[in-house]
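**Q** Take this structure, written in structure tokens, and hold onto it; I'll ask about it next.
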Amino acid sequence: HRARWSTVIHSKGSPEFLRDPRGFALKLYTEEGNYDVVGLNFPVFFIRDGIRFPEMIRALKPNPLRGVQEWWRIWDYFSNFPESLHMFTWLMDDVGIPANYRQLPGYGVHTFKWINSAG
């Protein structure tokens with residue numbers, strides 16, 4: 001089994017004190033096959049419709065020229081997509097800056113249903 005944690009918004013090498021959801025990937029090697037499971041340290045996500053994902057990422061990513069987030073873009077995005085507010089409250093809570101990876105909660109991003117041979 002393998003596990004990997006990463007930041008969602010900021011790039012590799014960014015400081016750990018930045019508010020940023022932490023994503024994870026698990027690779028499970030079993031006799032029935034290999035499984036990849038992805039998740040997040042928040043139980044909710046910014047969007048309901050996957051087509052909004054690039055828009056959300058553009059709003060949250062730092063400006064590529066200056067390397068800092070632009071809050072006007074973030075507020076503009078959240079004001080246009082109120083369903084994102086729940087995730088935003090998680091991001092602005094203490095959960096948005098994890099104390100460590102050892103005690104970080106993990107929530108599945110996708111819905112899984114495993115069925116054995118008996119049904």
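**Q** How large are Rg and Dmax for the range 4-50 when only the alpha carbon atoms are used, in Å?
**A** 13.5, 40
**Q** Can you tell me the length gained on complete extension of the stretch Asn63 to Tyr101, counting 0.36 nm per residue apart and subtracting the Cα distance?
**A** Computed gain between Asn63 and Tyr101 is 11.0 nm.
**Q** Something else now. Need the list of lysines near Lys12 for cross-linking: C-alpha distance under 27 angstrom, and skip anything on the same chain fewer than eight residues off.
**A** Once the sequence-local lysines are set aside, what remains near Lys12 is Lys27, Lys61.
**Q** Still on this model: Once you list every other residue whose beta carbon is under 12 Å from the beta carbon of Phe24, what net charge do they have if Lys and Arg are +1 and Asp and Glu are -1?
**A** Its environment carries a net charge of +3.
**Q** Related question: Residue by residue through the range 64-69, what is 3J(HN,Hα) from phi via Karplus (6.51 cos²θ - 1.76 cosθ + 1.60, θ = phi - 60°)? Round to whole Hz and write x for glycine and proline.
**A** Values, residue by residue: x, 7, 9, x, 10, 6 Hz.
**Q** Just the accessible area per residue of the chain, please: how many Å² with a 1.4 Å probe?
**A** Heavy-atom accessible area per residue stands at 71 Å².
**Q** So how far apart, in nm, are the two label points at Asp36 and Arg48 if each is 7 Å from Cα heading toward Cβ?
**A** Using points 7 Å along Cα→Cβ, the separation is 2.8 nm.
**Q** Moving on. Stretch Lys12-Ser79 to full length: gain in nm at 0.36 nm per residue minus the Cα-Cα span?
**A** 21.3 nm
**Q** Per the 1.4 Å probe, what fraction of the accessible area of the chain, in percent, lies on carbon and sulfur atoms?
**A** Carbon and sulfur together cover 55 percent of it.
**Q** Then there is this: For the chain, what is the Kirkwood hydrodynamic radius in Å, using each pair of distinct C-alpha atoms?
**A** One over the average 1/r among Cα pairs gives 16.0 Å for the chain.
The values are calculated or read from the model by the stated rules, or taken from the named source; none is laboratory data. All of these numbers come straight from a predicted model, not from anything done at the bench. Positions of Cβ are backbone-derived with ideal geometry, glycine not excepted, and every protein chain shown enters the neighbour counts. Surface areas here come from the heavy atoms of the whole protein model, side chains and all, with no ligands, DNA or RNA. Shrake-Rupley method; radii C 1.70, N 1.55, O 1.52, S 1.80 Å.
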